[in-house]
Amino acid sequence: MTDFSTLLVPDRGQPGHVVHLVRADGLDGWLTTQPERVRAAAAAARFKAKPGEFALLPGNKADEWSAALGLPETPGPWDLAPAAARLPEGHYRLSDPVPGAAALGWLLAQHRFDRYKQSEPQPHRVLLTGDPARIEETIALARAVAMVRDMVDTPANDMGPAELQGAVEDVANAHGASTRTTRGATLEADYPMIAAVGRAAVPARAPRLIELDWGDPAHPRIAIVGKGVCFDSGGLDIKPASGMRMMKKDMGGAAHALALADLIMAMRLPVRLHLLIPAVENAIAGDAMRPGDILASRKGLSVEIANTDAEGRLILGDALTRAAEGDGDARPELIVDFATLTGAARVALGPDLPALLANDEALAADLLAAGEAVGDPLWRLPLWAGYRDMLKSDVADLNNAPEGGFAGTITAALFLEKFVPADRPWAHLDTFAWRPSAKPGQPKGGEALGMRAAWAMLVGRYAGRPAG
């Protein structure tokens, strides 16, 4: 992974080129303060200070050049990314302070997923910052986003349930956390829906529930859950080739949850963290679950399988049940899950906006406000009680895939709600985990969507909160 700590350092007066930050409505005023050579260079480059527009400017000497970067009217985390992606290698300082979040785009514009591709070494553009207090968190955020991107971009042949377990264990070891993994006969007995979804991939890619625990028991307990379908063929209700092409990303929820857990531990947030990742491959074999099968669940509810391609909600159901149980008398005071759950969310909201559904108004409001503040927006959909009847089955307690396709994101969340106690604040983020086209600092491929919003919400609730 990119060493972000070398790309964002305190400004102690070391040599560096200036990056002038200019908005379109302030361009004329800025030009009047510049020498003739700079005005001429800006005119020659047709620099209009449009957001992301970029120009190199001459100085008194050959090595005293600077750059100009156009900024949008509303600040965001990706404002500096166009410059960070195009500047020559070197050290840079900004002409004016910008919100700390913009340094995130500077760092991530220089991250590459090059595990499988021969590539030239990338130039290092180092940002000198006058706000050293924000360096640690900015670097930790960049590492978390890069972790999500790299895990999602990794193909399923190298990111199966065992590799996902290894990733959790590596993060745990880095922070002194403990882990436990349930699989085999114990998984079948204790988490029957996880076992059923993944049983066609046994033995090479056997299903499992991976858990991580960290933190002071005196601190508030929270649970983070991530859907870890490492590849989704659709099962016997097989997807078409076009639908299966990107199903390596169906563990994107697990990547978000693990990256958020890493961030919580790295920044020493005063919480008692419980991370849960049900990890499976939804494969096809003679013992694959079938349409019409009825599954038991950890909660005790029976579930009729109407469609084997609606498997993510099944594994999350068992994991959410476990999350709500807590540890003895210590139950979580909030639960957040991430999942690449429904195509309906993408049809409604597109790739950039994760759907947020929650059973608690304060938690939903905090998440929405946090997402807006850090440029990681969410869009709330209702847990509409009127649609609960769609989950009814003639032969079981629940149906996993209502007919008709109406309100697919809402009915999926209503299914999950059945496995969360009504007195536990819970939020469900239906995220795409993928960027279909590139933007500066945001390459095509795996993407963290909703993770930074969740982090900001947790910081708002728990940073500085005393134990007990």
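The values are calculated or read from the model by the stated rules, or taken from the named source; none is laboratory data. For clarity, every value in this text was computed on a predicted model and none was experimentally measured. Methodologically, a virtual Cβ is constructed for each residue, glycine included, from the backbone with ideal geometry; neighbour enumeration extends over all protein chains shown. Note: accessible area is taken over every heavy atom of the protein model, side chains too, but ligands, DNA and RNA are not part of it. Shrake-Rupley method; radii C 1.70, N 1.55, O 1.52, S 1.80 Å.
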For helix 312-325, what angle does its Cα long axis make with the longest principal axis of the chain, in degrees from 0 to 90 and rounded to 10? 90 degrees
Among all lysine pairs in the chain that are eight or more places apart or on different chains, how many have alpha carbons less than 22 angstrom apart? 21
Long-range alpha-carbon pairs in segment 340-466, meaning those over 17 Å apart, account in percent for 61 percent
³J(HN,Hα), Karplus 6.51/-1.76/1.60, whole Hz, each residue of segment 343-350, x for Gly, Pro: x, 4, 5, 6, 4, 6, 10, x
At 25 °C and 0.890 mPa s, the Stokes-Einstein diffusion coefficient in µm²/s for segment 345-413, with hydrodynamic radius from the Kirkwood sum on alpha carbon pairs, is 182 µm²/s
Keeping all protein chains in place, calculate the accessible area per residue for segment 155-267 (probe 1.4 angstrom), answer in Å². 33 Å²
Give me the dipole magnitude in Debye, nearest 20, for segment 178-266 about the Cα centre, with unit charges on the beta carbon: positive for Lys and Arg, negative for Asp and Glu. 360 debye
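Could you compute the longest span of the chain free of trypsin sites (Lys or Arg not before Pro) located in DSSP loops and having at most 16 other Cβ atoms within 10 Å, not counting the site residues? Intermediate values should be presented prior to the final figure.
Working: sites that count: Arg12, Arg46, Lys48, Lys61, Arg112, Arg115, Lys117, Arg245, Arg268, Lys392, Lys444.
By the stated rule (loop sites, at most 16 other Cβ atoms within 10 Å), 118-244.
Given Cβ point charges of +1 (Lys, Arg) and -1 (Asp, Glu) and nothing else, what value in debye, to the nearest 20, does the dipole of the chain about its Cα centre take? Each step should come with its number before you reach the end.
Numbers: 48 positive and 58 negative charges, 190 e Å.
The dipole of the chain has a size of about 920 debye.
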Derived scalar couplings ³J(HN,Hα) [segment 367-379; Karplus, 6.51 cos²θ - 1.76 cosθ + 1.60; whole Hz; x for Gly, Pro]: 5, 4, 5, 5, x, 5, 5, 9, x, 10, x, 10, 9
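Give the value in nm², to one decimal: projected area of the alpha carbon convex hull of segment 137-278, averaged over all directions.
Details: hull surface 35.7 nm².
Mean projected area of the Cα convex hull: 8.9 nm².
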Between Gly52 and residues 5 or more places away or on another chain, the pairs with built amide H atoms under 5 Å apart involve Gly70, Leu71
Considering amide H positions built from the backbone, and no H for Pro or chain starts, which residues 5 or more places from Asp360, or on another chain, come under 5 Å of its amide H? Trp426
Label Ala285 and Ser437 with points 7 Å out from Cα along Cα→Cβ: what is the distance between them in nm? 4.2 nm
In the chain the accessible area split gives carbon plus sulfur, as whole percent at 1.4 Å, a share of 52 percent
Which three lengths, in whole Å and largest first, does segment 85-148 cover when its Cα atoms are put on their principal axes? 37, 27, 13
Magnitude of the Cβ-charge dipole (Lys and Arg +1, Asp and Glu -1) of segment 257-329 about the Cα centre, nearest 20 debye, reported as 260 debye
With Cα coordinates, the longest principal axis of the chain makes an angle with the long axis of helix 408-417, in degrees rounded to 10, of 60 degrees
Name the residues of segment 269-312 whose amide N is less than 12 Å from a point 7 angstrom out from the Cα of Lys392 along the C-beta direction? none
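Of all the stretches in the chain, which is the longest one without any exposed loop site, taking chymotrypsin sites (Phe, Trp or Tyr not before Pro) in a DSSP loop (any state but H, G, I, E, B) with at most 12 other Cβ atoms within 10 Å? Can you show the working numbers first?
Working: sites that count: Tyr116, Phe406.
Longest gap between qualifying sites, sites excluded: 117-405.
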Amide H within-cut-off set for Arg221, under 5 Å, with H built and near neighbours excluded: Arg272, Glu333
Net charge near Val126: determine it from the other residues with C-beta under 11 Å of the C-beta of Val126, scoring Lys and Arg +1 and Asp and Glu -1. 0
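Given a 1.4 angstrom probe, what's the average accessible area per residue across segment 286-326, in square angstrom? Present the calculation step by step, with values, prior to reporting the outcome.
Working: 1260 Å² over 41 residues.
Here the residues of segment 286-326 average 31 Å² of exposed surface.
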When the helices in the chain are scored as -39500 (n - 2.57) per DSSP H run of 4 or longer and the sum is shared across all residues, what 222 nm value do you end up with, to the nearest 500 deg cm²/dmol? -9500 deg cm²/dmol
Scoring only Lys, Arg, Asp and Glu (+1, +1, -1, -1) among other residues with Cβ under 12 Å from the Cβ of Ala456 yields -2
In degrees, nearest ten, helix 161-175 long axis to first principal axis of the chain (Cα): 60 degrees
What is the gain in length, in nm to one decimal, between Ser119 and Asp423 on full extension, counting 0.36 nm per residue of separation less the C-alpha to C-alpha distance? 104.2 nm
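Given segment 169-249, what whole percent of its Cα pairs are spread farther than 14 Å? Show your work: numbers first, answer last.
Numbers: 2325 of 3240 pairs.
That fraction is 72 percent.
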Spelling out what I want: for every residue of segment 295-303, take phi, set θ = phi - 60°, compute 6.51 cos²θ - 1.76 cosθ + 1.60 (Karplus), and round to whole Hz; glycine and proline get x. 9, 7, 9, 4, 5, x, 7, 9, 10
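Taking the solvent-accessible surface of protein heavy atoms with a 1.4 Å probe, what is the per residue accessible area of segment 1-105 in Å²?
Numbers: 5430 Å² over 105 residues.
Roughly 52 Å² per residue, with all protein chains present.
Work out, step by step, the length gained on full extension between Ser178 and Arg268: first 0.36 nm times the residue separation, then minus their alpha carbon distance; give nm to one decimal. Could you put the intermediate results ahead of the total?
Details: separation 90, 0.36 × 90 = 32.40 nm, distance 1.55 nm.
Stretched fully, the Ser178-Arg268 segment lengthens by 30.9 nm.
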The percentage of Cα-Cα pairs in segment 106-214 separated by more than 15 Å is 74 percent
Projected onto the charge dipole of the chain (unit charges on the beta-carbon of Lys, Arg, Asp and Glu, signs +1, +1, -1, -1), the Cα from Ala324, Ala42, Leu263 with the largest positive-side position is that of Ala42
